[in-house]
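The block underneath contains the structure these notes are about, expressed in structure tokens.
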Amino acid sequence: MIAIIDYGMGNLRSVQKAFEHVGAAVAVTRDPKVLRDAAGIVLPGVGAFAKAMDNLRAAGLVEGVARALEAGKPFLGICLGMQLLFESSEERFSEGDALPRGLGVLPGRVLRFPQGLKVPQIGWNSLSFPKRTRLLQGIEPGSRVYFVHSYYVRPDAADVVAATTHYGLDYCSALETGNVMAVQFHPEKSSRVGLRILSNFARLCR
């Protein structure tokens, strides 16, 4: 069973239905025991970085996420769930606030797209692959997936980058390192390509 973390942000039902479509057994949960027993973990998300971290802390889920990662369970971050894996974000409640801290699973920061670009980036864009990974197995270079975001991740380590996308600049749109995988786009909204990615993750959890 794959556990989809419910911390009050994100289109959980769409992610659940997409996994069920590819034959995966899933549960939407905020119960640390369910996370502990799950074969894989999904951290989705839509919305503001700082609010998401506040919700995870308030629900007592930060420790559950850390334990799942330490146990080596396959872990998939989606959209905001990818950004939360990093140390900090430029997305603040107000301009004078300190940079909000993320889960710190991966070294790096979340940055806002440069001025002059229309944000959020909404719609379909293509993937390029600096390396081949298990999560993106069977996905052709140039495949198009669906994005909605104003911020992007900049990992400190280039070797975690599994895919890049161009929107004013080339940025990391998917990553994989060990059991940690994440995508900036929404696979549940990305038609056949997105379903293949979710199927790949489900297979890793079996």
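The values are calculated or read from the model by the stated rules, or taken from the named source; none is laboratory data. All values reported here derive from a predicted model rather than from experimental measurement. Heads up, the Cβs are rebuilt from the backbone with ideal geometry, glycines too, and the neighbour counts pull from every protein chain shown.
Hey, among the residues in segment 93-116 that are loosely packed, with under 15 Cβ neighbours inside 10 Å and modelled with pLDDT under 90, which one's nearest to the chain's Cα centre (by Cα)? Applying the filter and picking the extreme gives Phe93. For the subset of segment 1-60 comprising residues that are closer than 23 Å to Gly72 by Cα and hydroxyl-bearing (Ser, Thr, Tyr), which member is surrounded by the fewest Cβ atoms within 10 Å (Cβ to Cβ)? Filtering first and then ranking leaves Thr29.
Condition first: under 16 Å from Gly77 (Cα atoms) and not in a loop (DSSP other than H, G, I, E, B). Can you find one or more residues in segment 129-145 that meet it? There is at least one residue in segment 129-145 that is under 16 Å from Gly77 (Cα atoms) and not in a loop (DSSP other than H, G, I, E, B).
Listed conditions (1) in a helix (DSSP H, G or I); (2) more than 17 Å from the chain's Cα centre (by Cα); (3) more than 12 Å from Met1 (Cβ to Cβ) are all met by Val34, apart from (3).
For (1) among the basic types (Lys, Arg); (2) surrounded by fewer than 22 Cβ atoms within 10 Å (Cβ to Cβ), each residue gets a yes or a no:
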site: Pro120; (1), (2): no, yes
site: Arg144; (1), (2): yes, yes
site: Arg154; (1), (2): yes, yes
site: Val160; (1), (2): no, no
site: Thr164; (1), (2): no, yes
site: Ser173; (1), (2): no, no
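Exactly one residue among Lys17, Lys73, Lys51 is in contact (Cβ under 8 Å) with a residue 40 or more places away in the chain, under 20 Å from Val153 (Cβ atoms) and not in a strand (DSSP E or B), and that residue is Lys51.
Number of residues in segment 126-142 that are at pLDDT 95 or above and either surrounded by fewer than 14 Cβ atoms within 10 Å (Cβ to Cβ) or within 23 Å of Gly116 (Cβ to Cβ) (or both) equals 9.
With the structure loaded, tell me whether Gly178 is over 21 Å from Gly47 (Cβ atoms) and surrounded by fewer than 22 Cβ atoms within 10 Å (Cβ to Cβ) or whether it fails that test. Spelling it out, Gly178 is indeed over 21 Å from Gly47 (Cβ atoms) and surrounded by fewer than 22 Cβ atoms within 10 Å (Cβ to Cβ).
Could you please find all residues in segment 152-166 being out of contact with any Phe, Trp or Tyr (no Cβ under 7 Å at 6 or more places or on another chain) and of a type outside the set (Gly, Ala, Ser)? Within segment 152-166, Arg154, Pro155, Asp156, Asp159, Val160, Val161, His166 qualify.
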